[in-house]
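The numbers here are math on the coordinates, done by the rules we state, and not lab data. Everything numeric here is computed off the predicted structure, so don't read it as measured data. Note: ideal-geometry Cβ built from the backbone for every residue, glycine included; neighbour counts use all protein chains shown.
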Amino acid sequence: MTLPRPLAERGPVERACDMAAMACMTVAGVQLVALIAIFGWLVFGRYVLNDTPTWVEQAALLLVCWITFLGAAAGIWTKSHLSIEFIREMFPDRIRIPLRWIAVIGVIIFGCYLAWYGYELADKTWRRRIPMLGIAEGWRAVPMAICGVLSVLFSLYHLVALWRGDDLTEH
């Protein structure tokens, strides 16, 4: 694994993508801490107070949506998302290079679908309220749309890097 290039060597687009991915991971990290805290409150309420807080389940579902999609978007940028690159990288160049193109283009297509349908889902569910929380149901779909947009942007950068002949196996 190679180390990332120093900040001074990175262009403005790469720095912006780095900052967006870092923002995703920061927000997801804070939400993960909140998720742990509310589950701690659930256990305390159930076993010590003998009064289970009913809002915890809905809050946990909402937080899991945000954590998952923001983490996935950052994973696209850092190339740490789930993949089976090791199989592709075992092939000779004449097979490996087209497979790299197919993989990046596939992520772009998938990101477009995520963005579009995440937006539609948020829009269609915005008027409904999440039980026990009282906030719009659309908040569960917003991270899906954000993930889609960021996945497309990050993958477009990777596509340009592939076009230039830069190594896509490390970021």
request  = Could you let me know the centre-to-centre spacing of segment 95-117 and segment 56-85, using Cα atoms, in angstrom?
outcome  = 18
note = With Cα springs under 10 Å, the Gaussian network model of the chain assigns the largest mean-square fluctuation among Gly45, Gly111, Gly148 to Gly45
inquiry  = How large is the Rg to Rh ratio of segment 24-171 when both quantities use alpha carbon positions and Rh follows Kirkwood?
reply    = 1.12
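Take Cys17, Cys112, Cys24 and order them by how many other Cβ atoms sit within 10 Å, fewest up front. Don't jump to the answer; show the numbers that get you there.
Numbers: Cys17 22, Cys112 15, Cys24 25.
Going from sparsest to densest Cβ surroundings: Cys112, Cys17, Cys24.
What does the charge add up to near Arg88, with Lys and Arg as +1, Asp and Glu as -1, over the other residues with Cβ less than 11 Å from its Cβ?
Details: positive: Arg96, Arg100; negative: Glu85, Glu89.
Taking every Cβ under 11 Å from that of Arg88, the sum is 0.
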query = Considering the dipole of the chain built from charges on the beta carbon (Lys and Arg +1, Asp and Glu -1) around the Cα centre, which of Ala103, Ala34, Gly148 is farthest to its positive end?
reply = Gly148
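Starting from the Cα-Cα distance between Ala34 and Trp55, subtract it from 0.36 nm times their residue separation and give me the gain in nm to one decimal.
Working: separation 21, 0.36 × 21 = 7.56 nm, distance 1.35 nm.
Here the segment from Ala34 to Trp55 would lengthen by 6.2 nm.
Given a Förster distance of 30 angstrom, what is the FRET efficiency for Thr26 paired with Ile109, based on the Cβ-Cβ distance and rounded to 0.05? Write out the running numbers ahead of the final one.
Values: r = 28 Å, r/R0 = 0.94.
The computed FRET efficiency comes out at 0.60.
Using only the Cα atoms, what convex hull volume per residue in Å³ does segment 121-171 have?
On the way: hull volume 4.2 nm³, N = 51.
Measuring per residue, one finds 82 Å³ for the Cα hull of segment 121-171.
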query = Hey, what do the phi angles of segment 26-39 turn into as Karplus ³J(HN,Hα) couplings, whole Hz, using 6.51/-1.76/1.60 and θ = phi - 60°, x for Gly and Pro?
reply = 5, 4, 5, x, 5, 5, 5, 4, 4, 4, 5, 5, 6, 6
note = Toy charge model, Lys and Arg Cβ at +1, Asp and Glu Cβ at -1: segment 58-147 dipole around Cα centroid in debye, rounded to 20, equals 100
query = Per residue and in cubic angstrom, what volume does the convex hull of the Cα atoms of segment 27-73 have?
reply = 47
Most mobile listed residue (Thr78, Thr26, Thr54) in the chain, GNM with C-alpha springs under 10 Å = Thr54
